[in-house]
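Remarks on the structure that follows.
Derivation of every value follows stated rules applied to the coordinates shown; laboratory data play no part. Keep in mind the model is a prediction, meaning the values are calculated, not measured. Ideal geometry is used to build each Cβ from the backbone, glycine not excepted, and the neighbour counts take in all protein chains shown.
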Amino acid sequence: MDKQKLFQYIDHFNHKRYDQVMEFYHPDVLIEYPTMLADPNAPPVTRRGREGFLEQYVELHKSCREALEVQTVIMEGDMIAAEMYTEFHFFKDYENFSGRSMKAGEVYITTNWCIYKLQNEKFKHIRVAHFRKHDPKTARL
């Protein structure tokens, strides 16, 4: 996978073209999310398979518009490391967003590091690590 392909994936994700997003995922993809900052004692979320991804994101996107912006990218062999600036703009209340309740009109902005392990040019294992939360007033996407 090259950077252009990664950017194509992000474009599909940002526009909620889930069928095209799924083309980038290995059928047995494992997605591991960070420990929730709002509730560090809660078990971290892990999603398995394409269905696990869809279960989480289709439901989340019924309540918010999520936009990703790729910043730094490092690619080597079957590994990709990407710095992802992410904005969540909530248009409906959402009860369990990383251990906190979000209200319609709220914005949550974060930068995360995502490590992608590829198998046959598909995302096989994704690990997400939280780096920084940003002031909602700085939203720009």
Over 23 Å (Cα to Cα) among Lys5/Lys103; Lys16/Lys92; Lys3/Lys62 -> Lys5/Lys103; Lys3/Lys62
The relative contact order of the range 1-84, taking Cα pairs under 8 Å that sit 6 or more residues apart, comes to a percentage of 23
Square roots of five times the C-alpha gyration tensor eigenvalues of the chain, ordered largest first and given in whole Å, equal 24, 16, 15
Taking Asp39, Asp19 and counting other beta carbon atoms within 10 angstrom, the fewest-first order is Asp19, Asp39
Summing -39500 (n - 2.57) over every DSSP H run of at least 4 in the chain, dividing by its residue total and rounding to the nearest 500, the 222 nm mean residue ellipticity is -6000 deg cm²/dmol
Once the in-chain neighbours fewer than 8 apart are removed, the aspartates and glutamates whose Cα is under 19 Å from Lys117 read Asp2, Glu23, Asp28, Glu32, Glu51, Glu76, Asp78, Glu83
Env charge @ Ile31, Cβ radius under 14 Å, K,R +1 / D,E -1, value +3
Trypsin sites (Lys or Arg not before Pro) in the range 73-115 lying in a DSSP loop, each with at most 16 other Cβ atoms within 10 Å of its Cβ, come to Lys92, Lys103
Other residues with Cβ under 13 Å from the Cβ of Glu121 give, with Lys and Arg +1 and Asp and Glu -1, a net charge of +1
